[in-house]
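Here the structure is laid out as structure tokens; the discussion comes afterwards.
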Amino acid sequence: MSLIVERQDTATPHEGGQPLKIGMIAPPWFELPPAGYGGTETVVAGLVDQLVDRGHKVTLVGSGRSGTRAQDFRPVYDTPPSHLLGSSVMPELVLAAEVGRIMDELDVDIVHDHSAAGPLLARHRRQPTVVTMHGPVAGENGDYHRRLGSTVGIIAISDAQRRQAPELNWVGTVHNAIDVAAFPFREQKSDTVLWLGRFSPDKGAHVAIETARRAGRKIILAGKLTEPSEKAYFDREVRPLLSHDAEYIGEADTHLKRELFANAACLLFPIQWEEPFGMVMAEALACGTPVIATRRGSVPEIVRHGENGFIADAADQLVEAVQRASEIDPHMCRNDAEQRFDLPVMAAGYERIYRMLAEGTAEIRTMTGTADASEPRRRSDRT
């Protein structure tokens with residue numbers, strides 16, 4: 001079965017074993033935690049803090065300054081090269097080169113790599129390496145991870161993601177998570193619908209505007225609009241639809257984003273692709289705000305139809321769901337976020353995978369009498 005845990009499984013610090021020494025590799029693009037955009041970085045920052053709180057030693061490699069509780073921080077860039085995101089791969093290569101040097105110096109039990117190029121170094125490492133699949137498993141990204149073979153253990157962020165490429169070296173599934181307590185809960189909502197994300201056709205901002213308009217609701221749109229492809233899509237598909245009832249307010253920082261979630265009647269999430277995990281869904285639920293989404297990717301794992309939101313299979317169903325958003329109990333949304341998408345839940349899931357691989361590698365070394373058993377055993381069963 002999949003390694004997905006809920007609140008009742010998270011109470012024991014370091015799962016009854018000895019504290020682990022963990023090498024955590026973040027992408028180079030943003031500081032941890034990020035000030036605004038940066039879903040992966042938000043997850044990594046939260047995971048680091050939880051692991052430290054659970055008694056583990058974490059060495060974090062990243063960019064800029066660390067706002068985490070990692071005991072050891074190794075910055076690759078003094079200033080994150082965010083302006084190069086989408087136009088250059090060089091920061092990923094520089095990060096990988098520095099990671100190779102840093103990890104050679106450290107005594108760690110396991111390496112958790114969230115970068116793109118870093119996993120290429122895993123085959124030369126005696127400690128096991130796990131990689132969280134933050135992106136899609138189709139196309140070039142899937143082919144890349146397929147070619148890594150058993151040199152890394154891949155962790156899915158949803159079962160939906162895992163089903164798309166069952167041949168990859170999956171070692172578990174752990175849903176992304178947020179610090180639920182940091183999100184303001186609000187029982188009384190406005191009549192305004194919210195769309196929040198990156199401007200891409202796959203995210204369906206244009207569908208959200210059309211849906212809200214048909215439902216007779218105003219919609220606020222907030223999101224990242226910096227890369228050329230994002231600007232092209234916005235100018236082509238979104239800008240012509242903006243009016244008094246459809247307002248774009250720019251990219252929201254952390255504080256504004258949480259206020260938007262808390263005030264909204266619902267989060268409209270009409271994705272047009274197999275989204276592996278939509279962080280905005282968990283963030284909305286934490287604020288007691290229901291999620292209205294299309295049945296794609298991980299949506300059926302996150303949205304419980306009629307309980308914390310509605311899932312739609314057609315445009316008319318999306319419109320009806322927006323009109324029915326007030327039927328959802330905000331307290332049920334918040335409770336669901338606490339049980340399934342809070343940081344301690346995620347940390348417990350990752351810790352179990354770390355131990356499974358670290359102890360398995362140690363067992364191999366003992367059996368073979370070698371200290372160079374660099375590859376974790378391939379797990380054909382689901383943990």
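Counting only residues that are among the β-branched types (Val, Ile, Thr) and either touching a Phe, Trp or Tyr at 6+ places or on another chain (Cβ under 7 Å) or more than 19 Å from Thr42 (Cα to Cα) (or both), the stretch 326-348 holds 1 of them. The single condition from (1) closer than 30 Å to His331 by Cα; (2) of a type in the set (A, V, I, L, M); (3) assigned to a loop (DSSP other than H, G, I, E, B) that Val108 fails is (1). With respect to the conditions (1) surrounded by 23 or more Cβ atoms within 10 Å (Cβ to Cβ); (2) touching a Ser or Thr at 6+ places or on another chain (Cβ under 9 Å); (3) polar (S, T, N, Q), Thr211 lacks only one, and its number is (2).
Name the one entry in Glu275, Glu259, Glu247 that is within 21 Å of the chain's Cα centre (by Cα), at pLDDT 95 or above and either among the charged types (D, E, K, R) or in the same structural domain as Arg162 (by TED's automatic domain parsing) (or both).
Details: Glu275 fails: at pLDDT 95 or above; Glu247 fails: within 21 Å of the chain's Cα centre (by Cα).
Matching residue, one of Glu275, Glu259, Glu247: Glu259.
The residue pairs whose first member lies in the stretch 21-39 and is assigned by TED's automatic domain parsing to the domain that holds Arg352 and surrounded by fewer than 24 Cβ atoms within 10 Å (Cβ to Cβ), whose second member is assigned to a strand (DSSP E or B) and not small (Gly, Ala, Ser), and whose beta carbons are closer than 7 Å, counting only pairs six or more residues apart or on different chains, are Lys21/Lys57; Tyr37/Lys224.
If you go through the stretch 64-105 and keep only what is outside any strand (DSSP E or B), surrounded by 15 or more Cβ atoms within 10 Å (Cβ to Cβ) and acidic (Asp, Glu), you end up with Glu92, Glu98. Entry remark, the stretch 298-313: residues being crowded, with 23+ Cβ neighbours inside 10 Å, under 15 Å from Asn335 (Cα atoms) and either without any contact (Cβ under 8 Å) to a residue 12 or more places away in the chain or out of contact with any His (no Cβ under 9 Å at 6 or more places or on another chain) (or both) number 3 in total.
The values are calculated or read from the model by the stated rules, or taken from the named source; none is laboratory data. In this text, all values refer to a predicted model and were calculated from it rather than measured experimentally. Cβ sites come from the backbone with ideal geometry, for glycine too, and all protein chains shown count toward neighbours.
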